[in-house]
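Take a look at the structure below.
The values are calculated or read from the model by the stated rules, or taken from the named source; none is laboratory data. Given the structure is predicted, the values throughout are model-derived calculations rather than measurements. In this analysis, Cβ positions are derived from the backbone assuming ideal geometry, glycine residues included, and neighbour counts consider all displayed protein chains.
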Amino acid sequence: MNKPDLNIAKNREEVKINYGNLDLDIKPVFKGKKYFLRTYGCQMNVHDSEEIKYYLEQLGFKYCDKLEDADIVVLNTCAIRENAKDKVFGYLGRCKHLKKAKKDLIICLCGCLMQQPSEIEEIAKNHKYVDIVVGTHNLRELPELITKCLGQQEIEVYSNSDQVWENVKYSRDSKISAWINIQLGCDKFCTYCIVPYTRGRERSRHIEEILKEVQELKKQGYMEITLLGQNVNAYGKDLNLGYDFATLLEETAKIGIPRVRFVTSHPWNFTDKMIDVIAKYPNIMPYVHLPIQSGSDVILKKMNRRYTVEEYKKLFDTIKEKVQNVSITTDIIVGFPNETEEDFQKTLDIVNYCKFDGAFTFIFSPRVGTAAALMEDKTSLEEKEERLQKLNKLVNEYSLESNKKYVDKVVKVLVTGSSDKGIDKVCGYTETMKLVNIIGSHDLIGKIVDVKITEAKSFSLDGEVVK
Ligand code: 5AD
Ligand code: SF4
C-alpha cells in the first residue's frame, strides 16, 4: 500500500498548511466479509463515515445492518458532550460481548473521542479487545491498519494536523444530496467546546479543488450540496489568497446545482457580502443555522463567543430583512458555569425576540481539556434540567408557530427518501429546511416537487403534491 505523501505542497509554500493528493492503493483482501458502521455526532462525522465506508468497501467488505453479522465493526465516535461518550462506551459493551463468541471480529474506533488522551488511555488499559484506534487526522491510515490487523491493539492518533488532503474518495450515503468539506478544524476556542482539540487548527481547502468537487457532483446528477465547516465564515482566512466564504458560495452557486446549502455559520464575522450572495442566488437556500449559545452578554463573554446579544440581533435582523422567507435555527446551551437565573431569563428573552424556526438545546457538559471545565459552577443539575425544560417548551412553541405559517401554501420540496410515517409516503425538505412528509410514490425521490402544506407540527409538515 502506498503511504500518503505528506509533503506535496504544490506551489502553496506561502501557507504553512500541507496540501497533498491522496493516492491509496487498497487491495480487496476481505472479499466476502461484512462491515457494520455506527456514526455518532455531527455532519462532519457523518461525512467522515462516508470516507470510512469507501475504505471498507475497497477492502472488499460488504455493508450489513446487524452488528451480529459483522466481521468488522467501526464506531465513529463523538466527544461533544458526556452523553455522546456514554453512548459509545455503551455500544462498545455490545461489541465486546459479540467478540467473545466471534474471536476474529475486528473492532475499530475512530472519530473525535479518540483524539482525547484520557479516552485513549482508557481504551488501552481497560478495553484491550479493541483492535484499532485511529484519530481524526489520520483516518486515511485506516485501510492499512485494518489490512495489517493481527489481533493486537494498534493505536495510531496524531494530536494535531497541518494537513489537508485532496482527492479523498467517499462512498456517499445519498445520490441526491452530498456533503463537501470546505474547511477542517476550528480555531475559535469557545471555552466549552472540545472541537478545536479534536479536529485541530482551522484549515481551508483551496477554492479550485472545492469547485472541482462541486462540478463532479453536478455531473453525477446531485440535486443538492452542503458546504461543510465548523465555522464557514472563516473559510479562506488561513489561506490569505484574496477569497473568502462569500466568494466560494457565489462561485458554487454559479455552477448550477439546484440547491446549495452551508453549515455552520458563526455569528462573528458573518459579513454583509455573505448575506448579499445568499440573497442574490435562487439556488442558495434561504436557511441559516446561526448558533447563539446564550442570551446573556456575561455568559457569551465567558464562552469566548466574540459577539454581544445586540450584535447578534442586528445580524439576525439584517439576514431576515435581506433574504426573503429565510428560516433561521440556532444552538443554545443552558447551565454554563454559574449561569444565573437572570442570565437564563436573557436567553428566554432572545428566543422571544428571534422566534427561531428551530433550536438545538443542550445542558452544558464539561469537557476535559477545555477552559470552561475548570470554571467554578454552583448551579445544580436539577436547576439546569428545569431551565432546559422551560427553554424547550418555548423553543417548540416558536417552531410550531413558524411551521403553521406554511399551512395552505405551496412550497418546493426536494424529495430525499421514503418516509417513516407510512409506506404510502415519502419525505423531503423545503428550501427553508423544513421536513415534509408527503403522500406519494417512490418515483418522486430525487425530484423537486410543488407541495401544498396541509398540516403543521412542531418538527415537521404534512403535504400533498400539487399536480
Ligand atoms: N456542552 C454542551 N453543549 C455543547 N456544545 C458544544 N460543546 C458543548 C458542551 N461542552 C453545543 C453547542 C454547539 C453544538 C454543536 O453543541 O451549542 O453549537
Ligand atoms: Fe466549537 Fe466554537 Fe469552534 Fe463551534 S466555533 S466548533 S462551538 S470552538
- [ ] Go through segment 266-288 and count every residue that is surrounded by fewer than 20 Cβ atoms within 10 Å (Cβ to Cβ), on the phi < 0 side of the Ramachandran plot and within 16 Å of ligand 2 (Cβ to nearest atom).
- [x] 1
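Condition check: closer than 29 Å to A84 by Cβ, in the same structural domain as P337 (by TED's automatic domain parsing), surrounded by fewer than 21 Cβ atoms within 10 Å (Cβ to Cβ) and without any contact (Cβ under 8 Å) to a residue 60 or more places away in the chain. Does D238 satisfy that? Working first, answer last.
Working: closer than 29 Å to A84 by Cβ: yes; in the same structural domain as P337 (by TED's automatic domain parsing): yes; surrounded by fewer than 21 Cβ atoms within 10 Å (Cβ to Cβ): yes; without any contact (Cβ under 8 Å) to a residue 60 or more places away in the chain: no.
No, not satisfied.
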- [ ] Return the total of residues in segment 182-215 being surrounded by fewer than 21 Cβ atoms within 10 Å (Cβ to Cβ), under 15 Å from the mean Cα position of the chain (by Cα) and modelled with pLDDT of 95 or more.
- [x] 0
Open item on the list: One residue is enough: does segment 286-309 have a residue meeting the conditions of a type in the set (F, W, Y), touching a Ser or Thr at 6+ places or on another chain (Cβ under 8 Å) and within 30 Å of L414 (Cα to Cα)?
Closed with: yes
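Take F364 and tell me if it is farther than 18 Å from N231 by Cα, touching a residue at least 12 places away in the same chain (Cβ under 8 Å), under 22 Å from the mean Cα position of the chain (by Cα) and within 11 Å of ligand 1 (Cβ to nearest atom). Outline the logic, then answer.
On the way: farther than 18 Å from N231 by Cα: yes; touching a residue at least 12 places away in the same chain (Cβ under 8 Å): yes; under 22 Å from the mean Cα position of the chain (by Cα): yes; within 11 Å of ligand 1 (Cβ to nearest atom): yes.
So F364 fits the description; yes.
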TODO: Take G428 and decide whether it is within 21 Å of G221 (Cβ to Cβ), in contact with a strand residue (DSSP E or B) (Cβ under 8 Å, 6 or more places away or on another chain) and assigned to a strand (DSSP E or B).
DONE: yes
- [ ] Search segment 339-361 for residues being assigned to a helix (DSSP H, G or I) and closer than 19 Å to S458 by Cβ, and hand back the single one that is farthest from ligand 1 (Cβ to nearest atom).
- [x] N352
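Pick out the one residue from C149, C190 that is of a type in the set (A, V, I, L, M, F, W, C) and closer than 23 Å to Y54 by Cα. Outline the logic, then answer.
Details: C190 fails: closer than 23 Å to Y54 by Cα.
Just one listed residue meets the conditions, C149.
State whether the residues of segment 304-314 include one that is within 23 Å of F459 (Cβ to Cβ), of a type outside the set (A, V, I, L, M, F, W, C), within 14 Å of ligand 2 (Cβ to nearest atom) and not in a helix (DSSP H, G or I).
To start, the set of residues in segment 304-314 that are within 23 Å of F459 (Cβ to Cβ) comprises none.
No, every residue in segment 304-314 fails to be within 23 Å of F459 (Cβ to Cβ), of a type outside the set (A, V, I, L, M, F, W, C), within 14 Å of ligand 2 (Cβ to nearest atom) and not in a helix (DSSP H, G or I).
Residue by residue, here is whether (1) closer than 19 Å to Y40 by Cα; (2) at pLDDT below 95; (3) surrounded by fewer than 17 Cβ atoms within 10 Å (Cβ to Cβ) holds:
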residue	(1), (2), (3)
L59	no, no, no
I80	yes, no, no
L105	no, no, no
L109	yes, no, no
I146	no, no, no
N160	no, yes, yes
TODO: Take V368 and decide whether it is in contact with a helix residue (DSSP H, G or I) (Cβ under 8 Å, 6 or more places away or on another chain), in a helix (DSSP H, G or I) and of a type in the set (V, I, T).
DONE: no
- [ ] With the condition kept exactly as written, say whether any residue in segment 339-352 is within 16 Å of ligand 2 (Cβ to nearest atom), surrounded by fewer than 20 Cβ atoms within 10 Å (Cβ to Cβ) and either of a type in the set (V, I, T) or closer than 19 Å to V263 by Cβ (or both).
- [x] no
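So which residues in segment 366-380 are surrounded by fewer than 13 Cβ atoms within 10 Å (Cβ to Cβ) and among the hydrophobic types (A, V, I, L, M, F, W, C), if there are any at all? Full working, then the answer.
Restricting attention to segment 366-380, the residues satisfying the condition of being surrounded by fewer than 13 Cβ atoms within 10 Å (Cβ to Cβ) are 374, 376, 378, 380.
L374, the sole residue that qualifies.
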